[in-house]
Amino acid sequence: MQFLKVGLLFAASTLSRLLAGLVVVKIIAIYVGADGLGRLGQFMSLIAIITTLAGGGISTGIVKYVAEYKDDRSELSGYLGAASLVTVVASLVIGLALLIAAPYLSQLLLKSTEYEGAVRALAFAQFLIAISNLLMGLVNGHKRVKAFAAINVISVVLGAIGMAVACANFGIAGAMYGLMWMSCCTLLFLVPWYRFGLKFEWKRLMPRWDAVKVRHFMAYGLMLLVTAATMQVTQIVIRQIIESEAGWHEVGYWQAVVKVSDAYLQFVTVILANYYLPRLAENSGAEKTHALVMAAYKFAMPALFLLSGTVFLLRETIIPIIFSKDFLPASAFFPGQLVGDFFKVGAYIIAYVAVARASTAFYVIAEIFQASMLVILSYVVVHRFGAVGATYAYGLTYAIYFVTCCIAYRVYISNSSPAVVRSQLG
């Protein structure tokens with residue numbers, strides 16, 4: 001019941017994000033078309049990488065350690081100081097790298113140096129994103145679900161308005177700046193909430209060196225670095241594969257389906273990341289871990305099946321509403337994508353156990369495994385079936401990954417749990 005109540009709160013928050021995102025995508029589709037959406041997808045991946053890595057990629061670690069030590073002021077203050085130190089240092093390094101590499105990245109991703117100004121702007125925006133990640137980790141770690149939902153609803157509406165105005169007036173370049181605004185504007189509400197909602201003194205965020213705690217955060221940073229350097233880079237490579245075989249127009253169709261997929265998956269993944277993960281971190285016993293995993297499956301998989309089934313049946317109605325009638329050829333991309341989504345969430349429910357246990361080696365290997373398989377299969381299948389083959393490769397990749405995760409989880413539980421848990425596994 002508690003899982004359901006929290007799920008409804010996160011669903012309300014995610015619904016606002018989804019609706020705002022769909023409005024933004026509609027405007028992008030109208031003003032830049034499939035070709036422009038395909039190109040813009042490359043910059044979206046760059047922002048996703050930077051958002052993940054901003055501040056050292058330690059947002060998941062912050063959620064874990066705040067949830068674990070929220071009642072121990074001294075220990076929590078130590079972790080907050082270490083988190084602030086990592087955030088500042090990582091942001092400076094990332095910002096400098098973006099400033100230097102701006103012309104190269106613009107040419108590599110968009111085949112033009114016209115957009116290097118947007119990359120340089122991202123170098124400054126990522127510092128604000130890093131602070132947002134730090135403060136949102138505090139909200140999540142303290143399990144302030146209502147605050148999380150409220151902040152998300154308000155900021156996503158404000159962000160979408162700015163994004164829509166920028167894209168409508170300045171095209172692709174405006175959309176790029178709008179994407180940065182959407183990632184930064186949350187800070188407008190997190191700063192007052194940190195001070196007056198959580199009633200934290202700013203001095204608790206003073207950067208301080210603690211070798212052990214910094215090392216703990218760096219383990220999480222490595223995990224997210226691998227995620228950013230695999231899955232987002234993988235999407236960049238897949239776009240290039242599709243573009244070389246069929247052109248930017250087909251990339252736009254594939255990107256449209258991916259955006260729809262990302263939108264409805266938020267209903268499940270946001271709940272898992274912000275409710276399921278902190279509770280995995282709090283409960284170290286194998287029996288409690290197994291109970292949480294089973295509860296997540298009982299909630300997530302039926303919900304996902306219902307959502308994906310609805311999207312599939314209504315895909316030719318959804319496409320003109322979200323994009324335009326010019327995007328109707330994208331309907332052929334849905335079957336493989338939806339199958340992949342189902343298996344992906346199933347696998348990630350298990351993978352979160354590794355994240356909660358800070359099992360860096362397992363996480364890194366798993367991320368490299370799935371990304372490598374997706375690139376290889378995409379190259380082969382796109383060459384055989386055209387652009388739609390990218391979704392076939394996606395579905396096959398995550399079906400294999402799900403089976404692999406199930407086998408790894410069974411071994412983990414069998415080695416660390418009592419007989420009663422092993423009997424539940426059959």
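Remarks
- Fewest-first sequence of 279, 384 by Cβ atoms within 10 Å of each Cβ: 384, 279
- When 250, 114, 367 are sorted by how many other C-beta atoms sit within 10 angstrom of their C-beta, beginning with the fewest, the order is 114, 367, 250.
- Extension gain for the segment residue 108 to residue 385, taken as residue separation times 0.36 nm less the Cα-Cα distance, is 97.1 nm to one decimal.
- Extension gain, residue 244 back to residue 15 (0.36 nm per residue minus Cα-Cα distance, nm): 78.9 nm
- Exposure proxy order (Cβ contacts within 10 Å, fewest to most) of 185, 406, 167: 406, 185, 167
- Model label sites at residue 233 and residue 209, defined 7 Å from Cα along the beta-carbon direction, differ in position by 3.0 nm.
- ³J(HN,Hα) computed for each position of the range 233-250 - Karplus, 6.51 cos²θ - 1.76 cosθ + 1.60, integer Hz, glycine/proline x: 5, 4, 5, 4, 5, 4, 4, 5, 5, 5, 4, 5, 8, 9, x, 5, 4, 5
- Exceeding the 32 Å Cα-Cα cut-off - candidates 111/213; 111/259; 64/298; 64/111: 111/213; 64/111
All of the numbers you see were taken from the coordinates with simple rules; none came from a lab. Source: prediction; values computed, not measured. Cβ atoms come from the backbone with ideal geometry, glycine included; neighbour counts cover every protein chain shown.
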